[in-house]
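The structure appears below as structure tokens.
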Amino acid sequence: MATHEASAERDQTDESLRREREKTDRALAERHAAEEDSDQVVHRARESADAVLTEARAKADQRLDDALPHVAADSTLAEERVQEDEALQDERASADEILRRERSENARVLSRLLPLEREKTDRFLLTERARSDDALANRDNFLGLVSHDLRNLLSGIVMTAELLSAKALENEDGRQTLEATARIQRYAARMNRLIGDLVDVASIDAGKLAVTPAPGDAAALIVEAVEPFQAAASAKGISLQTETAERPLPAELDHDRMLQVFANTIANAIKFTSQGGTVRVRGERAGDELRFSISDTGSGIPGNMLEAIFERFWQVGKNDRRGVGLGLYISRCIVEAHGGRIWAESKPGEGTCIIFTLPVGPK
């Protein structure tokens with residue numbers, strides 16, 4: 001049993017919260033730095049003022065000495081200077097004390113306010129998460145009920161089509177009936193796949209995509225996966241081929257889920273391959289992993305799109321209606337849940353190759 005990580009929305013919310021906290025901390029640090037800078041400015045200003053005052057006093061003393069060369073230093077002037085210096089020091093000390101108290105009070109308020117703001121943000125985040133989880137649970141329950149009912153209806157449509165085809169006469173009207181019932185069955189199969197894809201996406205978002213690996217034969221799985229597509233490939237004039245370097249290919253895998261991966265990738269290859277082209281499905285052992293590839297001779301994919309094709313709801317173009325763009329996204333999630341990896345290699349005009357690997361133990 002394997003589950004995917006928490007939804008991207010939660011990650012984005014956490015990342016936004018982290019950035020906001022960093023901004024707050026950075027603003028606080030900048031404020032402290034600004035205060036330190038202001039201290040430096042005040043200190044330099046005081047030094048400059050003291051230097052000017054000292055120079056002025058020295059000049060005044062010199063003029064006094066020149067004017068009264070034989071007179072002793074004026075003790076009264078010296079006492080006044082001492083008193084002035086003491087008064088200046090007292091004023092400076094008082095101003096520094098007021099500034100220190102203001103900063104201490106600001107720091108105390110900030111130290112109490114910041115945790116409260118963070119607690120408020122965290123509480124809001126938890127509330128939003130609870131609402132989101134409730135909404136997801138309601139959506140999943142609704143989707144489960146609707147998908148079950150839709151599949152029951154589809155089963156009824158398919159069974160009715162089979163009955164009609166069984167009763168078709170061997171004439172022109174019967175032939176048209178067989179063609180119509182065949183179309184109904186194809187459409188029903190496509191609707192069933194679409195319903196399954198939507199249910200899988202909901203499970204992936206909720207971190208509940210279940211994968212249960214068990215011993216199996218990957219070579220036999222390839223044959224099983226290719227067989228249902230032979231008719232569709234032949235109808236389009238496409239050669240659908242399989243290659244396995246050895247048989248069997250023992251592997252630990254979830255049979256149904258990996259069959260889903262092959263179905264998605266093979267259907268994609270046939271969809272984008274023109275008449276007369278080739279689709280080749282290959283499996284082989286490569287060291288301590290199994291390597292699978294589904295290659296086609298289609299028009300290829302530009303290099304900057306090779307990663308985008310695995311995104312949900314990705315389409316070749318705005319007006320492309322050959323699917324809803326979930327197959328490769330789901331396939332990547334399934335392969336990664338097995339501990340493997342999946343990627344695409346392609347060049348425009350030279351076809352595309354979807355490659356995925358699964359880990360296995362040594363022989």
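The values are calculated or read from the model by the stated rules, or taken from the named source; none is laboratory data. This is a predicted model, so every value here is computed, not measured. Backbone-built Cβ (ideal geometry, glycine too); neighbour counts: all protein chains shown.
Things to note:
- Residue match in the range 251-261 (condition: touching an Asp or Glu at 6+ places or on another chain (Cβ under 9 Å), acidic (Asp, Glu), assigned to a loop (DSSP other than H, G, I, E, B) and assigned by TED's automatic domain parsing to the domain that holds Leu328): no
- Matching residues, the range 223-240, being surrounded by fewer than 19 Cβ atoms within 10 Å (Cβ to Cβ), touching a helix residue (DSSP H, G or I) at 6+ places or on another chain (Cβ under 9 Å) and either acidic (Asp, Glu) or modelled with pLDDT of 95 or more (or both): Glu224, Ser239
- Picking from residues in the range 209-222 that are out of contact with any Leu (no Cβ under 8 Å at 6 or more places or on another chain) and surrounded by fewer than 14 Cβ atoms within 10 Å (Cβ to Cβ), the one that is farthest from Arg183 (Cα to Cα) is Pro215.
- Residue check for Asn192: farther than 13 Å from Ile334 by Cα, assigned to a helix (DSSP H, G or I), not assigned by TED's automatic domain parsing to the domain that holds Cys353 and not acidic (Asp, Glu): yes
- Of all residues in the range 233-263 being hydroxyl-bearing (Ser, Thr, Tyr) and touching a residue at least 40 places away in the same chain (Cβ under 8 Å), the one that is farthest from Arg282 (Cα to Cα): Ser239
- Residue, farthest from the chain's Cα centre (by Cα), within the range 224-250, restricted to residues that are assigned to a helix (DSSP H, G or I) and either under 16 Å from Phe356 (Cβ atoms) or not hydrophobic (A, V, I, L, M, F, W, C) (or both): Ser234
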